[in-house]
Structure formats: structure tokens, C-alpha cells
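These notes are about the structure you will find just below.
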Amino acid sequence: MGDVANYRTKGLLTCRQTLNVMVMTCFMVHYMIRVNMSIAIVEMVATNDSNFTSTHSNTFSWDEHKKNDLLGCFFWGLLLSAIPGGRLSEIYGTRKVLGTAMVLASLLTIVTPFACYLHYYCVLTVRIAMGLALGVSWPSVPPMAVKWVAPADSSKFMANAKASSLGAGVILPVCGYIITLLGWPSVFFITGALSLVWSLLWFYFVYDSPRQHPRISKREKQHIENEIGQITSFGSKKTPWLSILNSGPVWAIIVADFCSQFNMNIIINELPSYMDEVLHFNIKENGWFSSLPFFASYFGAVIFTHVADKWRKSRKYSLITIRKLFTSISFWIPCLLYLIQVFWGYDRIVSILAFIFCQGFNAAGTAGFMSNSMDISPVYSGTIFGIAFACGASTGYISAKVVAFFVNGKGTFEEWRYIFWVLIIINLIGSIFYLIFASAELQNFDIKQVNGTDLTKVQSEDLDETRNFNREHDILNKGKSTVEVV
């Protein structure tokens, strides 16, 4: 820690610490403007027997299918922009791609209430456009991570993205109170404004690599470059799509992400409705209890990634063992909890505890498959993550249609039992497929040359060996040469 203190900038945090904070708050804001519709729609389509206390209700006559289409269409945008978002971040940098996307998403959030009053299809279009903007967020993180973070700390860095759950956990109870006091439109105005402020701070504080940062101290830049090399960009080399799509380890990540997002999207989109229809909480209670699983998800991710990186540094277990172990935890324990829900999900205490622990253990995937793309291909980690995220994003729409198929009318517990059985099957498929096909070995299509020197060791070896390699690299490349990955 002393070394870190020595290369702090004039502010309280180093540039790398600032990046961690900005990525963490990015995903908090991301999910605030993403899930605000999930809680607001409970009042927007309120009926006479719903549990509401607001005096500002301006409701719409949307049936269950229209309601679920509105929640699900957002994910079509995510699906379409995830792959381009990952590749564009590799070529042009995460700073521009993610920052621009968040500005657009902020503006779309602010205009959502106006779109609702204009026509159902107007708000449907706005939600799809928001999905397009926010779809670049997750795939844009790995390309920036490999330029700022040592491989042995990659899991902890990815845990910052799990702050999305923290954002959802904060906004759900807050939205409940905002709706009660000011009505549902205010939720979109407030979260949209917060997101716009964050976007301006992002462009000021964040740069794509230490070498590009205008305010980084020389000591911090030297420390990072000695640790992971002087990677400034991934260039514009043609993407080996066929090789990527023919890779078993890539498909292991894709399938695991698909199954994990199916779990997550059921919770994000449908939990407030479950709390209302089955457990009969009022809107303020609904917000609080719906938020608890998201807090568990974030803190679970922090704990699991800390353990994973500690094991990796100590070489207690092989890297692939770590990835498979935490991925298995993220699927198997939720399976058991959903089985409990099948029989006792009508009980308020049992159901709330099951949802909380389910999301807490699901977060173990952050130290498993979510960090795996940087193991098998640092150069194309954004592209691989984008493909996986795009496939997983489709579950937002699929899960909404599944719920609409099984849950009709008032949404009884007997109808929700079928949803829990579906979730059990999905979790089993994800865990088995990943165990069979996953790998932590660098894939053949990931070829990196730096002035004729192979840099694969920077990503594929442990921390001590990485530092040895970088010392050798410094000897071979004295002077002020800039490392460029081509």
C-alpha cells in the first residue's frame, strides 16, 4: 500500500483507483436507468386491487402481454449493440464508446414519460433505443481492463461491473418512495439527470490507457507499465470471426452467460410483480424487498472475486479450476434455492431469503465465466464478451415471454411454480456445458506481437512471472518506444 501512496496524483485517488470508482458507478447508474421501468410499471398499469399508496397515479390500459413486451423489448437493443460495442471499444477505446452511449441513454430516460403519453409504440421505441445504447456497456469493460489491470487482479476489476446490482438495489426502494411522493414520471427524470451528470464526469476522469491519461503521475504510469506492459490500443486488425465461433471455450462462456442472464432478468423484470401479486407487498415494501437480492449480488461478487484472485496469486488451484468452481457455485446453489421456492415460495420470509441467497451465489459467476474471456483472448476479450452478452441479452425478451406464457391474470403462486422449474433446468444446462467445454488456455486466434516480441505471457501467466517478463521486455525496449498491439 505504501507504493500506491507514493504515486498518487494531487487528488485522493490514483488514476487506476479512479477508474475503478468510475466503472463501479457506471454500472450503478446503468441499472438505475435500466430497472426504473420495472418498478414504475407496477403503478403505470395499476388496477383497483393492486397494493398502491400513491395519489399521483396516471395509469395505462396495457394488458399483461403489452407490459411484458415493454419490459422485454429493451433487450432487443442490448442484443444488437453488444457485439459491435465490444469490437468498437477494442478499436476506438472504451472512453468514447461507453461515454457516448451513456449520454444517449440518459437523454432517452428523461423523455420516457413523454413517450408514454404519446403512444404505446413510442415508449416501445424509446426502450429499444435505450437497449441499443446500454448494450455496449458490459462488453466495453474487458478491453479497458487489460490496459489498466494486472491479470491476477482481473476478477476483482470485473466485480466493479457487478455494481449494477448495487444500483438496482438502491433504485428499487428509492423509486418506491419517489413514486409515492411525486408520481411515476419523476423516476425517469431523476435517474436520467443523474446518469447525464455521471457521463460528464466519465469524460473528464477516464482515459483508455495510462499512456493516454494527461494527469497521471510518472510513477503511477511506470508502475502500471512495468506490471502489464505499455498497451495503448488493439489496432484495427481484421477480427477472426470464424475461429472465435469455432472455439469450444468461447461457447462455454456464451452458454454460461445466457443461462446466468436468464436468471438475472427474471429477477430484474419480474420480482416487483411477484412481490405484488403473490406476496402482496405494498409499493414501498415492494421496493425494499425487491432490492435485497441485488445488494446480495454485489457483495457476493466482491467476496468471490477476492477469493478467486487470492487463489490465483498463491497458485493454490489452477486458473481453469478456479473458473469452473465459481461458475458451478453460481448455478448449483440457485438450483437448490429455486427448488425450495417450488414448494414454499408462497411464504414471505422463505421467498425473500431464497431470492437474496440466490442472487448472492449467482454472483460467483463474476469470478468464473465472466472473467474467462480475458484468460482465453485478451485482444478479443471485448468481442467475445460482446457475443456472450448479446446472446444473454436475448433472455430479457425470452424470459418476459416465458413469464407471460405461464402467468396469466393475477399471477398466482401455482402459475409461478412453473417459472421456478424453468429456472432450475436453465441453471443445470449452464453448469454442465461450462464444465465440459471451458478452458483458461490462450486460444490460437489470439496472436499479439509487440516489436517482434510475443506478449502472450502478460495475460497468460501469473503475477510473478508477468513481472519477470516485463523486466525482460524493458531491457529489450529501452527508450521511449510505445507498445502497440497489432
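The values are calculated or read from the model by the stated rules, or taken from the named source; none is laboratory data. Computed from a prediction, not measured in an experiment: that's the story for all the values here. Neighbour counts are summed over all protein chains in view; Cβ atoms, including those assigned to glycine, are modelled from backbone coordinates with ideal geometry.
Worth pointing out:
- Condition met for ILE178 (in a helix (DSSP H, G or I), free of Cβ contacts under 8 Å to residues at least 24 places away in the same chain and crowded, with 21+ Cβ neighbours inside 10 Å): yes
- Residue in the range 335-345 that is part of a helix (DSSP H, G or I), under 23 Å from ILE253 (Cα atoms) and free of Cβ contacts under 8 Å to residues at least 40 places away in the same chain present: yes
- Selection from the range 184-206 of residues that are closer than 17 Å to VAL97 by Cβ, buried (at least 16 other Cβ atoms within 10 Å of the Cβ) and not hydrophobic (A, V, I, L, M, F, W, C): SER195, SER199
- Filter result for the condition that a residue is in a helix (DSSP H, G or I), under 16 Å from the mean Cα position of the chain (by Cα) and closer than 19 Å to THR305 by Cα, over ALA152, ALA168, ALA163, ALA133: ALA163
- Condition check for THR383: surrounded by fewer than 19 Cβ atoms within 10 Å (Cβ to Cβ) and in contact with an Asp or Glu (Cβ under 8 Å, 6 or more places away or on another chain): no
- Enumeration of residues in the range 357-378 that are over 14 Å from ILE322 (Cβ atoms) and either surrounded by fewer than 24 Cβ atoms within 10 Å (Cβ to Cβ) or under 13 Å from the mean Cα position of the chain (by Cα) (or both): PHE357, PHE361, ASN362, ALA363
- Filter result for SER195 (farther than 20 Å from THR109 by Cβ, touching a residue at least 60 places away in the same chain (Cβ under 8 Å) and small (Gly, Ala, Ser)): no
- Residue within the range 136-149 that is more than 24 Å from ASN362 (Cβ to Cβ) and surrounded by fewer than 19 Cβ atoms within 10 Å (Cβ to Cβ) present: no
- For THR112: the one exception among (1) of a type outside the set (A, V, I, L, M, F, W, C); (2) under 22 Å from the mean Cα position of the chain (by Cα); (3) modelled with pLDDT of 85 or more; (4) within 25 Å of PRO173 (Cα to Cα): (2)
- A Cβ distance below 9 Å, combined with a sequence gap of six or more or placement on separate chains, defines the contacts here; from the range 433-453, residues that are over 15 Å from SER371 (Cβ atoms) and among the β-branched types (Val, Ile, Thr) reach residues that are modelled with pLDDT of 75 or more and assigned to a helix (DSSP H, G or I) in the pairs ILE436/GLY248; ILE436/ALA252.
- Summed over the range 136-149, the residues that are of a type in the set (S, T, N, Q) and outside any helix (DSSP H, G or I) give a count of 1.
- Residues (under 14 Å from SER394 (Cβ atoms) and out of contact with any Phe, Trp or Tyr (no Cβ under 8 Å at 6 or more places or on another chain)) located in the range 264-275: MET264, ILE266, ASN269
- Taken residue by residue, the range 79-86 has at least one member that is at pLDDT below 85 and surrounded by fewer than 24 Cβ atoms within 10 Å (Cβ to Cβ).
- Qualifying residue in the range 88-98 (condition: β-branched (Val, Ile, Thr), farther than 23 Å from LEU200 by Cβ and part of a helix (DSSP H, G or I)): yes
- A single entry from TYR418, TYR434 fulfils the requirement of being crowded, with 19+ Cβ neighbours inside 10 Å, modelled with pLDDT of 85 or more and of a type in the set (Ser, Thr, Tyr): TYR434.
- Top-ranked residue in the range 207-225 [being surrounded by 21 or more Cβ atoms within 10 Å (Cβ to Cβ), assigned to a helix (DSSP H, G or I) and of a type outside the set (A, V, I, L, M, F, W, C); ranked as farthest from the chain's Cα centre (by Cα)]: GLU220
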